[in-house]
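Undergrad: Structure provided below as structure tokens; questions to follow.
The numbers here are math on the coordinates, done by the rules we state, and not lab data. The model shown is predicted, which means the values in this text are computed figures rather than measured ones. For neighbour counting, all protein chains shown are included, and Cβ atoms are generated from backbone atoms with ideal geometry for every residue, glycine included.
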Amino acid sequence: MFNLKDKVAGIIFLFGSLYYMIAEAVSATFFNASLLNTYVFHTISELGIPNINSPLFWLMNSAFIIIGLSLIFGNLYKFKDYIIKNKLIFYILTFITSIGVIIVALIHGGNPLTSGYHTLGAVMAILGGNILLVLTSRSMDNFETYQKITLILGIIGLIVFWIMFFNMKSIYMPVFERLSVYTLIVWSFVTGFWMVTKNYKYFIG
């Protein structure tokens, strides 16, 4: 049965995730370092700082905002209908994650006066987002392929977040940061695909 709200929310999830990955890749390409070094040794937040190192800082920040807005819209417009328990916590985590990533876009790191707020936003987005995935996977009426993928992504994200937390001075900290963020981005893409193609039993499980 065709469900327009599923398709609309799914397209929003897909758009948000794809825009984010493309925007980061383009921003990293123009960053003041090689592409490999940028991804390995420079954090995502550095791509959003308005300075000479990141001429496309505005593009990276727009990606933060879009992924945050797509999460709020997708979850509240339709995805909430698939949450059969823990709905209040689901709403709270959705807002924490979305507001956190938007804070990251609007309040930049690298400034002693604002870096604390930026870090708070990053923790809200990364920790809140991965907890949201774990909660979501166990709050739906089934526990099949999609829910298992969601749970695995959330667990991976939480593990990598804590590895990053205890290795903040490591030169490879940006790698841990990206992995803990990408779980939410991948989930957004998977969720968009799931919602757009919900009638296909091979993916529903």
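Undergrad: Are any residues in region 82-106 aliphatic (A, V, I, L, M), crowded, with 16+ Cβ neighbours inside 10 Å and either touching a strand residue (DSSP E or B) at 6+ places or on another chain (Cβ under 7 Å) or without any contact (Cβ under 8 Å) to a residue 12 or more places away in the chain (or both), and if so, which ones?
TA: Passing the criteria: only ILE83.
Undergrad: While we're on this one: Would region 140-152 turn up any residue that is under 25 Å from GLY48 (Cα atoms), in contact with a Gly (Cβ under 7 Å, 6 or more places away or on another chain) and outside any helix (DSSP H, G or I)?
TA: The answer is no; no qualifying residue exists.
Undergrad: Checking the condition touching a Ser or Thr at 6+ places or on another chain (Cβ under 7 Å), closer than 21 Å to SER70 by Cα, in a helix (DSSP H, G or I) and not polar (S, T, N, Q), which residue from GLY192, GLY121 passes?
TA: Result: GLY192 is the single residue among GLY192, GLY121 that is touching a Ser or Thr at 6+ places or on another chain (Cβ under 7 Å), closer than 21 Å to SER70 by Cα, in a helix (DSSP H, G or I) and not polar (S, T, N, Q).
Undergrad: Tell me the residue from GLY128, GLY109 that is surrounded by 13 or more Cβ atoms within 10 Å (Cβ to Cβ), over 23 Å from PRO50 (Cα atoms) and either of a type in the set (Val, Ile, Thr) or touching a helix residue (DSSP H, G or I) at 6+ places or on another chain (Cβ under 7 Å) (or both), please.
TA: GLY128
Undergrad: List every residue pair whose Cβ atoms sit under 8 Å apart, with the two residues 6 or more apart in sequence or on different chains, where the first one lies in region 160-182 and is in a loop (DSSP other than H, G, I, E, B) and the second, anywhere, is buried (at least 20 other Cβ atoms within 10 Å of the Cβ) and among the aliphatic types (A, V, I, L, M).
TA: Short answer, once both residue conditions are applied: none.
Undergrad: Failed condition for PRO50, given (1) of a type outside the set (Gly, Ala, Ser); (2) over 20 Å from SER115 (Cβ atoms); (3) surrounded by fewer than 18 Cβ atoms within 10 Å (Cβ to Cβ), with all others met?
TA: Here PRO50 clears every test but (2).
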